[in-house]
Every structure is written in C-alpha cells, then in structure tokens.
Amino acid sequence: MELVTGEGGTRRIFSPGQVLEKLTGFDVATDPGHDHLIWRILNIERPRGLSLIPSHWRNSPFGIPKRRQLPQMPFSLILQFKRPEYLYGSRAKQWNLWHKPYYRFARSKSQHSTLTRLERNVSGSAIVRYASPAFHTLAELETAQLTGKVVETTGHVSPTALGRHQIWTFEKPGSFGRGNPVGRRQMFEHFDSLFASLLPESSRTGQQVSPYTAGLENHLAILSNACQLRSPQLRRAVRVWANRLRMTGIPVDLVQPLADLATIQMTMSQLRSTWWIFDRFEVFSHVSK
C-alpha cells in the first residue's frame with residue numbers, strides 16, 4: 001500500500017478478488033505516476049499506458065442493447081460463496097449430527113451481520129444467500145467445471161436461516177443442512193429453488209409493469225439504501241463522490257442512479273460477494289417449465 005500511495009503514487013487501485021487472483025496471478029493493480037519510487041527501484045522508465053475512453057468500446061459487435069432487451073422487472077441475487085471443509089470420522093465435531101461424512105463452512109461476524117441486514121431490508125427485491133459446493137477436491141472441481149455442473153452441485157442457505165450459528169453443516173444441495181451445534185434442520189437449496197418465492201407475485205393477474213428505467217432506478221435505490229444502513233462512512237464517501245460527479249457535466253438525473261450503483265458495488269467488494277440483476281419475468285418463465 002505504501003508503494004501505491006507514496007510519492008508519485010495514486011489511489012486508483014483495482015483488486016480482482018480471490019477467485020480471479022488465482023487465475024490472473026496478481027492481487028492488486030494500480031497506475032503509479034512517472035515520479036513514483038517503484039520506477040527508481042526497478043531502474044526502468046514508466047511503460048506507456050492506454051487511457052480507456054468510451055470510443056474504445058462503442059463499436060462493440062453486439063451493439064448497445066435495445067430497450068426491449070433489458071429487464072422490465074429487475075431483481076437481484078447476492079451470493080456469498082464459501083469454501084467447504086470435508087469431514088469424516090467420529091472425531092469430527094459435528095459427527096453426532098450426521099453420523100456420516102459431511103461438509104461445513106464457517107461465517108464471519110461482521111460479514112454475516114451485513115448480509116443478514118441486507119436480506120431483511122431488501123426482501124422482495126433481492127435474494128441473499130450463502131453458497132457452498134458439495135465437493136472438496138481439485139479433481140471434483142475440474143470435473144464440475146468441464147461438465148457444467150458447478151451450479152447443480154452447489155447449495156444455498158440464507159443468512160437468516162443460519163442465524164446466530166457460526167457453522168453450517170450439510171451433505172449435499174437439495175437436502176437438509178444444520179447450524180452448529182443445535183440448529184434445526186433446514187433446506188440447503190438448489191439454485192432453481194431460490195426463485196420459488198417470486199412465483200406468486202409474478203403470477204398475479206393484471207400486474208403493472210414498470211418501464212425499465214424507472215424499475216431499474218428504483219431497484220438500485222432500494223439496494224443502495226439497504227447497503228448504507230448503519231454505515232455512515234459509506235454514506236459520506238458516496239455523497240462526496242456524487243458531488244464530484246455533478247461537477248463533470250453528466251446529466252443530473254443520472255447522478256443518483258450512478259451513486260446507488262457505486263454504493264452497491266462498494267458493499268459487494270467489501271463483502272467479497274457477487275451480485276447479479278435478473279429479469280423477474282425471465283426467471284418466472286424458467287422456473288415454471
């Protein structure tokens with residue numbers, strides 16, 4: 001960090017996250033200036049870089065998506081992935097719950113608190129889950145990737161279901177799991193089962209469909225407000241950034257949606273969670289088949 005922000009440095013830092021780090025081989029990227037200490041240490045000139053501007057991606061072969069191609073009723077899926085441990089034998093701590101080999105993962109206090117708060121405050125607009133696969137060897141991972149069965153072999157449990165328990169134990173997705181040590185049995189859901197709660201609302205007759213822009217902006221606002229609850233530091237940082245954004249000359253009506261988007265992305269980065277936006281109608285069509 002000192003090398004990044006020292007003399008001639010910059011606070012523009014990009015971290016790919018733990019998963020991509022294993023693939024790309026780096027854990028942080030930055031853009032040190034010409035006068036930075038690192039170039040004197042390496043005894044080389046700063047390599048020429050490239051400033052990314054909109055014209056570089058404006059000519060995408062896929063083009064800009066048309067309005068009708070965008071979600072009309074957006075909702076979000078927030079997943080916190082956990083690497084499981086595989087335990088077997090009578091000396092395993094939760095053996096008395098299973099009496100056979102099982103998996104488990106542990107949650108952290110601060111992360112769990114944020115996820116539980118998000119789940120409570122975005123009910124109906126987003127699904128928040130822990131996700132953990134039912135395999136533990138590299139060979140099983142590679143096989144699941146090659147056969148496209150990673151999602152199929154991954155189970156999900158809500159932060160609320162985990163509650164105050166710090167350990168979640170399970171055998172496989174689609175069956176029951178348990179919190180440690182005396183948690184009651186609760187379903188460790190398959191991916192498709194996550195969207196069952198959307199079916200009654202989506203199947204109501206005469207439901208008003210909001211225009212995409214209004215629907216998306218409202219959706220971002222709901223998630224952003226949930227992210228900022230009990231986080232004054234985040235609120236201040238976003239407010240300062242939004243004020244600077246207003247000075248750039250972008251349309252005024254875009255400032256708040258961009259600030260909401262930045263808020264959500266910052267929260268997901270801090271949690272090391274992943275975030276997707278789906279179209280409720282598309283999911284309903286898929287689950288109903």
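The values are calculated or read from the model by the stated rules, or taken from the named source; none is laboratory data. As the structure is a prediction and not an experimental result, all values here were calculated from the model. For neighbour counting, all protein chains shown are included, and Cβ atoms are generated from backbone atoms with ideal geometry for every residue, glycine included. Just so you know, the surface numbers come from the protein's heavy atoms only, side chains and all, with ligands and any DNA or RNA stripped out. Shrake-Rupley method; radii C 1.70, N 1.55, O 1.52, S 1.80 Å.
Take the range 262-277 and flag every residue that is exposed (fewer than 15 other Cβ atoms within 10 Å of the Cβ) and either in a strand (DSSP E or B) or not charged (D, E, K, R) (or both). Steps first, answer last, please.
Step one: list which residues in the range 262-277 are exposed (fewer than 15 other Cβ atoms within 10 Å of the Cβ), which gives 265, 269-270, 272, 274, 276.
If the condition is that a residue be exposed (fewer than 15 other Cβ atoms within 10 Å of the Cβ) and either in a strand (DSSP E or B) or not charged (D, E, K, R) (or both), then Q265, S269, Q270, T274, W276 are the ones that fit.
Which condition from (1) out of contact with any strand residue (DSSP E or B) (no Cβ under 6 Å at 6 or more places or on another chain); (2) surrounded by 14 or more Cβ atoms within 10 Å (Cβ to Cβ) is the one that H219 breaks?
Every condition holds for H219 apart from (1).
Mind checking which residues of the range 122-173 are surrounded by fewer than 17 Cβ atoms within 10 Å (Cβ to Cβ) and part of a helix (DSSP H, G or I)?
Correct list: L138, A139, E140, L141, E142, T143, Q145, L146, T147, T160.
Could you tell me whether the range 144-151 includes any residue that is in contact (Cβ under 8 Å) with a residue 40 or more places away in the chain and not hydrophobic (A, V, I, L, M, F, W, C)? Give the steps one after another, and end with the answer.
Taking the range 144-151 as the starting set, the residues that turn out to be in contact (Cβ under 8 Å) with a residue 40 or more places away in the chain are 151.
Keeping just the survivors that are not hydrophobic (A, V, I, L, M, F, W, C) gives none.
No, because not a single residue in the range 144-151 is in contact (Cβ under 8 Å) with a residue 40 or more places away in the chain and not hydrophobic (A, V, I, L, M, F, W, C).
Only one of L245, L254, L194, L198 is within 30 Å of S175 (Cβ to Cβ), over 18 Å from the mean Cα position of the chain (by Cα) and either assigned to a helix (DSSP H, G or I) or modelled with pLDDT under 85 (or both); which?
Working: L245 fails: within 30 Å of S175 (Cβ to Cβ); L254 fails: within 30 Å of S175 (Cβ to Cβ); L194 fails: over 18 Å from the mean Cα position of the chain (by Cα).
Checking each option against the conditions leaves just L198.
Could you please find all residues in the range 179-189 being open to solvent by 60 Å² or more (accessible area, probe 1.4 Å) and touching a Lys or Arg at 6+ places or on another chain (Cβ under 9 Å)?
Just the residues of the range 179-189 that are open to solvent by 60 Å² or more (accessible area, probe 1.4 Å), to begin with: 181-182, 184-185, 187.
Matches in the range 179-189: P181, R184, R185.
Out of the residues in the range 227-241 that are in contact (Cβ under 8 Å) with a residue 24 or more places away in the chain and surrounded by fewer than 17 Cβ atoms within 10 Å (Cβ to Cβ), state the one that is farthest from R120 (Cα to Cα).
For the range 227-241, the residue satisfying everything is A237.
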